[in-house]
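Below is one structure, written out as structure tokens; comments come after it.
The values are calculated or read from the model by the stated rules, or taken from the named source; none is laboratory data. Please read these numbers as outputs of a predicted model, since none were measured by experiment. Cβ atoms come from the backbone with ideal geometry, glycine included; neighbour counts cover every protein chain shown. These area figures cover heavy atoms from the full protein model, side chains too; ligands, DNA and RNA do not enter into them. Shrake-Rupley method; radii C 1.70, N 1.55, O 1.52, S 1.80 Å.
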Amino acid sequence: MSSAGEGLSRPLPEQVRSHVVELASQILGSMPAASVPAPLKGIARFDPRKRAKLGGTPIAAQLETDKKFRELVAETLTAGWPELVASLAEGTVPPAAEPVMVAAAAYLTRPPGWAEMVETAREDLERSAVAAEGSAQEQTVTRLREQLAAQKAAAKDEAERLREQLRSSRSEVSDLRHRLHDARERARAAEARAVAAEEAAAEVKATAVSAGSATESELRRLRERLADAERQLEATRRAAREGRSVEDTKVRMLLDALQDAAAGLRRELALPSGIHRPADSVAAVAPGSQGVQAVPARALADDDPALLDQLLALPQIHLIVDGYNVTKSGYGTFTLADQRSRLLTGLGALYAQTRTELTCVFDGAELNGPVPVSAPRGVRVMFSAPGQIADDLIRQLVRAEPTGRAVAVVSSDREVADSVRRMGARPVPAVLLLRRLGRA
């Protein structure tokens, strides 16, 4: 707001300007429409709360250039502050008057020396601002000093805490050093005991080696006695009645296998029936007889289905199938129930063709409870008991067979194959059975 023509060298202070514009905006709203200056007619229609804020610049400019409008605003100010206006008209400024009111009244009423009054009010406002700024700075300094003191106290407490932690750490390090020393002493003592134990073990081993020859002699003697006992037991079993015990059943199965083998050999060679002689009752292995372990010697690959056909042709052979090992190789995408059903159906068809004794073993650990299984005719289905796996049940079935009977175990599990081979059974890869069932 420039007032060089009225005697002001600088625009009104912002506080004074805002007060003058506020007074003018209040009067503008109460003026008749015909008396409102043309530049302010649009502003006069503004909301009273927004009139001074939105129309401040046009109102200030109108007060600067429109003497009549300014005098109208001055009349309102005189009515509200008559004593202040009268004192200014006399050229005196009341000591207790606010600089903003003094400058606004001087600017609107224009008494003699009003420009000096405005400048004096400006200086008073600037001094007040400087004083307020200095007071704020003092308050800031005081606040910063208080923060610095608090930080110093916190740093002191933190340093004391760290010193205490350092003392505790030093004590812990000393304790750990003592423990390490004790542990090293115990380790050295343990090493000495280990050396002594190795020396003692070497002495014991030397003693055992020196006594080995005597032990071997005693072992051969005991084996001979055991062989005699087994021969006597075999003779006793032949004389016992049929079906009284598991051992009698083993003997019967072995005798049936030998009888079927002899009958088949007699038919193939067209031999006449012979007369049974007492020497025929002595158990022995006939020269050139074929057992279950001799079948693979015919230059057949381990995955050739013909190998399984040769095994199934043996008299009284018992075929034991590792159920889930076979189904997961051939039907791994099916559910367990569908895997069992698919395999048992194929085994039923295999029994109908060969009349071979078939036993299918499943792992019972994967079942939540009893499972109804419809076993085909001629197929024995067994689940392992709780706490037992199917591999152990298969080994138990192999051990239950009499020595000399042909037994084959279908499983691709190397551990199962190695263990049953040591017990005299013939391991067969699962792929052989799957291909044989596929042919059926």
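What to note about this one:
- Among (1) modelled with pLDDT of 75 or more; (2) assigned to a helix (DSSP H, G or I); (3) open to solvent by 60 Å² or more (accessible area, probe 1.4 Å), the one test that Arg122 misses: (3)
- Test for Gln290: is it at positive phi, at pLDDT below 90 and assigned to a loop (DSSP other than H, G, I, E, B): no
- When restricted to residues that are free of Cβ contacts under 8 Å to residues at least 12 places away in the same chain and in contact with a helix residue (DSSP H, G or I) (Cβ under 7 Å, 6 or more places away or on another chain), the range 333-349 contains 1.
- Consider the range 383-419 and keep the residues that are touching a residue at least 60 places away in the same chain (Cβ under 8 Å) and assigned to a helix (DSSP H, G or I). The one that is surrounded by the most Cβ atoms within 10 Å (Cβ to Cβ) is Ile394.
- Cβ pairs under 6 Å, 6+ apart, first in the range 79-101 and polar (S, T, N, Q) and in a helix (DSSP H, G or I), second modelled with pLDDT under 70 and open to solvent by 40 Å² or more (accessible area, probe 1.4 Å): none
- Positions within the range 138-157 being of a type in the set (S, T, N, Q) and open to solvent by less than 100 Å² (accessible area, probe 1.4 Å), in sequence order: Thr140, Thr142, Gln147
- Criterion violated by Gly330 - all others in (1) in contact with a helix residue (DSSP H, G or I) (Cβ under 8 Å, 6 or more places away or on another chain); (2) modelled with pLDDT under 65; (3) open to solvent by 20 Å² or more (accessible area, probe 1.4 Å) satisfied: (2)
- Residues that are open to solvent by 60 Å² or more (accessible area, probe 1.4 Å) and either in contact with a Gly (Cβ under 9 Å, 6 or more places away or on another chain) or within 16 Å of Gly438 (Cβ to Cβ) (or both), drawn from the range 333-346: Phe334, Arg342, Thr345
- Count of the range 307-327 residues, restricted to those that are in contact with a Cys (Cβ under 7 Å, 6 or more places away or on another chain) and either open to solvent by 20 Å² or more (accessible area, probe 1.4 Å) or in a helix (DSSP H, G or I) (or both), is 1.
- One residue alone among Ser2, Ser9 is at pLDDT below 65, surrounded by 12 or more Cβ atoms within 10 Å (Cβ to Cβ) and either touching a Cys at 6+ places or on another chain (Cβ under 8 Å) or more than 16 Å from Thr109 (Cβ to Cβ) (or both), and that residue is Ser2.
- Unmet criterion (only one of (1) of a type outside the set (Lys, Arg); (2) modelled with pLDDT of 95 or more; (3) in contact with a Ser or Thr (Cβ under 8 Å, 6 or more places away or on another chain)) for Cys360: (3)
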